[in-house]
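Note sheet for the following structure.
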């Protein structure tokens, strides 16, 4: 009998995207999850309440969001 791997939740995958060095744009979140833009922005609002969410302007003019990693979290990795 083959083991089934647990599928990653949409919120977990978005959190992982936001943890990348370049973060993620709302368009990237919409594409990855299938959420509407307003739902993606609402999720970012929830993240903002629990984590330090940074808003950055990319060279191509798009706005990207990313979670700031605390120095203690970097040392633990």
Those residues that are closer than 16 Å to residue 68 by Cβ and without any contact (Cβ under 8 Å) to a residue 12 or more places away in the chain, I need them from the stretch 1-45; list them, please.
-> 16
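Within the stretch 47-68, can you find the residues that are under 20 Å from residue 9 (Cβ atoms) and surrounded by 12 or more Cβ atoms within 10 Å (Cβ to Cβ)?
Kept after step one, since they are under 20 Å from residue 9 (Cβ atoms), are these residues of the stretch 47-68: 47-51, 53, 65-67.
Residues satisfying the conditions are 47, 48, 51, 53, 65, 66, 67.
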Specify the residue that is farthest from residue 63 (Cα to Cα); the eligible residues are those in the stretch 19-31 that are modelled with pLDDT of 95 or more and assigned to a helix (DSSP H, G or I).
-> 31
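The values are calculated or read from the model by the stated rules, or taken from the named source; none is laboratory data. This one's a predicted model, so the numbers in the text were calculated from it and none came from an experiment. In this analysis, Cβ positions are derived from the backbone assuming ideal geometry, glycine residues included, and neighbour counts consider all displayed protein chains.
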